[in-house]
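This report concerns only the one structure given below.
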Amino acid sequence: MTETRASSTSPDCVSAEQAVAACKNFVELVAGSSGVFWSTYDPNDIACRVWQWQQGSPPRCVTHKGFSVRGRVYEYGGGSFCIADHHVVFVNEKDQQLYRQRIQDDTDVASGEPVELTHGNRRYGDLRYSHGLIVAVEEECSTHRIVSIALADGAREVLAQGADFYAAPCLSFNGSQLAWIEWYRPHQPWTSTLLRSCERDANGAWSAPRTLAGGDRVEALQQPHFDAWGALHYLSDRSGFWQPWLLQDNVLEALPAAEADHASAPWQLGEHSWIALDDGSFLGAWIKDGWGTLAHIDADGTRRPLATKFSRFRSLAAGKECFYCIAASPTCPAAVLAIERRGHQVKVLAEVSPMMPEERIPQPEVLRFPSGSSEAHAYFYAPEFAQRLPPVIVFIHGGPTSACYPVFDSRIAYWTQRGFAVVNLNYRGSTGYGRDFRESLRGNWGITDVDDACESVAHLAPQQRIDPARAFIRGSSAGGYTALCALAFRRVFCGGGSLYGVSDPLTLGRRTHKFETDYLAWLIGDAVADRERYLARTPLLHAHRIEVPVIFFQGELDAVVTPDQTRSMVAALTANGVTVQAHYYVDERHGFRKEVNLAHALQAEYAFYRGVLGHPAK
């Protein structure tokens, strides 16, 4: 290990516990007549709670003890609460049912007790409210529908069914039109979807659904919503990027927008990254060259950038006086912002503390480097102190159709303060660089992503910014698969880590949940016709080729990458005499949430890598 002032657990380094505490996050945000509401996840108590802010009053938590606001539709959830008149309607994490809770306008009066609206084994997500109805995506075993739930008494009506998957149901302002996104296996929501709609007559009956977009061409559609005049807006990647389009009187029009993705891959429900405003202008966020921009955009395309100190924006909402969003920056993990519509002044309603002085926060440097016949993207974080070339850790995000962003991550600071450089990699296939970049992973999982990880080391080594002989790779979920493939099939890294990572894609395809059942066919190929390709890219079958130490972390309740995957890989490496360490958490699912487990995993990984470098952690 680099002999540096920050190379051990000295008092001036952020501790694992502090790093995890800074992982508190804001999940979703909604604006309503009773104020602005957002949900907060705190690993200290592993609960998601809703907070309310009203002008002139400090934020207050309105979620009652014993409740946690989190849905699990498609396993990843999203859209777990909405504002319905003077109520918040939410998905309770424990039973996945909808509850109605009255919110008092007088902040001195406690909010009402939650009242159960639904019962049974169904799950709900992507909640929207209009005209006395909660419209939602409903999941019952492997069947999905769009339903309405009456706010008053919980009366349920099925609005759309028959497709494999649904997302983003929305009602027009007068309640007469319903639109939604649907898709069919084997597609994913970022490969090919349909925009559908139906209309309600004077007697309350809904017409047969009709296809508005996606029927005559392959495009991925997102986030439909009606404006005040009944025109329908949505995001489509038909031009190569997720950009906004307007459908009015059966005429389709591209709206003025940056040539960039205005959304990320919709792994979760309920996202809002583009909003049509009542005056004909728009509020939009997009990603360009890895950085996020938020702007108020006039109908003629004039852009007024907002909150320019921040680099990522999500959960956009608009009120009469302000725009609202959840944002983050290289020095701020997460913040809830109110931005004045006239003067554009920014007010921070709530924020997560980085738990360290700003001068000690590592700053991301954007990297673009050649890989294969194309290029890859990454953010490089230099170590805080280094007297010689530092070791490096290449971070591989999950998904794999996901992304990392140039925002503060206390876990990256944990490593840089201990003398490690970090490469946070957006390999080919990641979101935020257009459809072609995303599609480049098709059939190439385990190849292009591994190439990009290795090339990041090759790119930095000649610049003498890292020590290539002391390079590690680590990843979670799909990122764990990339890490294991790199360790098995390449000789670039001296060790690595897998957090609930895939080691046997064929087994994953047989046992995973419906949402991802066909994803592997897109990533690698048909399980039967392309079996040899699978066998060639299965780390478990090539465990004998891994010669460097590996550490594993696995949740016992994981329904996405089941624990037997990790146990099989650990057993194979152990049998081959490889140094291996494994940690199993009986109370964790896919993606760790509990503070004590997150801190333990971070400490254990650090100690393991120091041991590999010949400097056991103190």
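Evaluate the charge dipole of the chain about its Cα centre and quote only its size in Debye, nearest 20, assuming +1 on the Cβ of each Lys and Arg and -1 on the Cβ of each Asp and Glu.
Magnitude of the dipole: close to 1240 debye.
Ranking 22, 71, 215 by Cα position along the charge dipole of the chain, where only Lys, Arg, Asp and Glu carry charges on their C-beta atoms, puts 22 farthest toward the positive end. A Cβ-based charge dipole, computed about the Cα centre of segment 338-416 with Lys and Arg at +1 and Asp and Glu at -1, lands at about 140 debye. Positive contributions from Lys and Arg (+1) and negative ones from Asp and Glu (-1), summed over other residues with Cβ under 13 Å from the Cβ of residue 521, come out at +1. When each of the peptides 71-81, 211-221 is scored by the mean number of other C-beta atoms lying within 10 Å of its residues, the order from highest to lowest reads 71-81, 211-221. Neighbour counts of C-beta atoms inside 10 Å place 46, 146 in the sequence 46, 146, starting with the fewest. Across segment 362-612, C-alpha contacts under 8 Å between residues 6 or more apart give a mean separation that, scaled by the residue count, equals a relative contact order of 16 percent.
Only Cα pairs under 8 Å and at least 6 apart count here; give the relative contact order of the chain as a rounded whole percent. Reported as a whole number, the value is 11 percent.
When a/c reaches 1.5 or more, the comparison of a/b and b/c decides; with that in mind, is segment 575-618 rounded, prolate or oblate per its Cα gyration tensor? Cα axes put segment 575-618 in the oblate bin.
Summing Lys and Arg as +1 and Asp and Glu as -1 over all other residues whose Cβ lies under 9 Å from the Cβ of residue 585 gives a net charge of -2. Counted by neighbouring Cβ atoms within 10 Å, the residues 460, 252, 235, 487 run from fewest to most as 252, 460, 235, 487. For segment 369-459, a crude dipole built from +1 on the beta carbon of Lys and Arg and -1 on the beta carbon of Asp and Glu, taken about the Cα centre, is about 180 debye to the nearest 20. Straight Cα distances below 13 angstrom link residue 514 to the aspartates and glutamates 75, 139, 140, 164, with same-chain residues fewer than 8 positions distant left out. Positive end of the dipole of segment 272-355 (Cβ unit charges, origin at the Cα centre): among 311, 281, 343, the Cα lying farthest that way belongs to 311.
Using a/c under 1.5 as the rounded threshold, could you call segment 159-249 rounded, prolate or oblate? The axes a ≥ b ≥ c are square roots of the C-alpha gyration tensor eigenvalues, and prolate needs a/b larger than b/c, oblate otherwise. It comes out oblate by the Cα gyration axes. Taking Cα atoms of segment 498-618, Rg/Rh with Kirkwood Rh, to two decimals? That ratio is 1.01, to two decimals. Positive-end ranking of 383, 432, 334 along the dipole of the chain, with charges on Cβ about the Cα centre, is headed by 383.
Of all lysines in the structure, the ones whose alpha carbon falls short of 28 Å from that of residue 24, not counting any fewer than 8 places away in one chain, are 65, 94, 288, 309, 347, 594, 618.
Taking Kirkwood radius over Cα pairs in Å straight from the coordinates, which label in (1) 23.7; (2) 25.1; (3) 26.9 is the correct one? Among (1) 23.7; (2) 25.1; (3) 26.9, the one derived from this structure is (2).
Please sort by residue number the chymotrypsin sites (Phe, Trp or Tyr not before Pro) in segment 199-308 whose DSSP state is loop and whose Cβ has at most 16 other Cβ atoms within 10 Å. Within segment 199-308, the qualifying chymotrypsin sites (Phe, Trp or Tyr not before Pro) (loop, at most 16 other Cβ atoms within 10 Å) are 229.
Every read-out reported here was derived from the displayed coordinates using simple, explicitly stated rules and does not represent laboratory data. For clarity, every value in this text was computed on a predicted model and none was experimentally measured. Neighbour counts run over all protein chains shown; Cβ positions are idealised from the backbone, glycine included.
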